[in-house]
Structure formats: C-alpha cells, structure tokens
Amino acid sequence: MGDLNIGDTAPDFDLESDGGGRVSLSALKGKPVVAYFYPKDNTPGCTKEAIAFTELMPEFEKSGVTIIGISPDSAKKHDNFIAKHNLAVRLGADTHTGTAEAYGVWVEKSMYGKKYMGVERSTFLVDSAGKIAGVWRKVKVPGHAQAVLEAVQAL
C-alpha cells in the first residue's frame, strides 16, 4: 500500500488475537491506539520490545491508550508468548500478512545474503479519530517504548 504518513487515515484491521478473541481498529475508534508490528514471537528483540511495552502499560493506560502488537504468528503462538513472558499487551495474529501489507511493513529483507519477505519492525500511533499521529520505522528496541509513550502523552 505504500508509506503511511502522519495525518493519513489508519487502515482498519480485524485480527484474531490472544485469548481466543478478536481485535480491530474500528472497534477502538474514539481511543488512541499504538499498533506495533514485530517479526516473530519469542525472538530476542521482539521479546524485549513486548516486555518494554508491558512495563510501561500503567502509563499508557493512564493516557487511555490501547497497545496492540501485530505479527504473522498465530493466536496460539501469541498465547504461549504472553504466558512465557507475563506480557500485558494484546497481540493480533496477522497470519495472512494483509495488515502488515496495508501498513507498508511487509517488506523484502535479507539475511546472510538470502532474500525473504518479513515484517519491518515499525510502530504507528493512531489518534482517537483514526488518523496516524506518529510513525516509527526500522525500530531499534532500546528506548522505543518510552519514546512512543512520550508521543502518546503529547497527544
């Protein structure tokens, strides 16, 4: 779909989520949402990122924000990931990668000279009107959750 920029309408999504539920952007309209895309459950960077958001959850909740982590993993894998690391974030299962594609984060990657498609670690802050209020691409995990929190508090 291309790059989303601040002020653009956030693409809606409706995904199976942890705990046997569903999570959709349209159901959360009227509240700010942090949608963070990550490659894979239980990998070092993704685990650190989920733990960082979990640790700051009380601060995000004070601001009325819902945090949703989205990856191509199944809801069952998400349940295991949450249980293993005692996570407080909701996780959406984008198993067909349509949501990642809509947000422009399903990209060609390269490891050891081998090219493959995968999720580029990215975060989007969606305001209560459904517009993109913040975009972080090619995220480096250290300090990221705090930077997102500061952007949320500035809304």
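General remarks:
- Residue match in the range 108-118 (condition: within 18 Å of residue 67 (Cβ to Cβ) and either open to solvent by 70 Å² or more (accessible area, probe 1.4 Å) or assigned to a loop (DSSP other than H, G, I, E, B) (or both)): no
- The set of residues from the range 88-101 being open to solvent by 20 Å² or more (accessible area, probe 1.4 Å) and outside any strand (DSSP E or B) comprises 88, 95, 96, 98, 101.
- Residue list for the range 58-100, filter: farther than 15 Å from residue 118 by Cα and of a type in the set (A, V, I, L, M): 65, 67, 68, 75, 82, 83, 87, 88, 89, 91
- Subset of the range 41-73 (residues that are outside any helix (DSSP H, G or I) and touching a residue at least 40 places away in the same chain (Cβ under 8 Å)): 41, 42, 56, 63, 65, 68, 70, 71, 72
- Hits in the range 119-129 - residues which are within 15 Å of the chain's Cα centre (by Cα), among the hydrophobic types (A, V, I, L, M, F, W, C) and part of a loop (DSSP other than H, G, I, E, B): none
- Qualifying residue in the range 13-29 (condition: charged (D, E, K, R), touching a His at 6+ places or on another chain (Cβ under 7 Å), touching a residue at least 12 places away in the same chain (Cβ under 8 Å) and outside any loop (DSSP other than H, G, I, E, B)): yes
- Within the range 10-22, considering residues that are buried (at least 21 other Cβ atoms within 10 Å of the Cβ) and modelled with pLDDT of 95 or more, the one farthest from residue 73 (Cα to Cα): 10
- Candidates are the residues of the range 130-154 that are among the small types (Gly, Ala, Ser) and either free of Cβ contacts under 8 Å to residues at least 40 places away in the same chain or part of a helix (DSSP H, G or I) (or both); the one that is least open to solvent (accessible area, probe 1.4 Å) is 145.
- Of all the listed residues (81, 37), the sole one being more than 18 Å from residue 137 (Cα to Cα), of a type in the set (Phe, Trp, Tyr) and buried (at least 17 other Cβ atoms within 10 Å of the Cβ) is 81.
The values are calculated or read from the model by the stated rules, or taken from the named source; none is laboratory data. Small disclaimer: the values here were computed from a predicted structure and weren't measured. Every residue, glycine among them, receives a Cβ derived from its backbone with ideal geometry; neighbour counts consider all protein chains shown. To get the accessible areas, we keep the full protein, side chains included, count just its heavy atoms, and leave off ligands, DNA and RNA. Shrake-Rupley method; radii C 1.70, N 1.55, O 1.52, S 1.80 Å.
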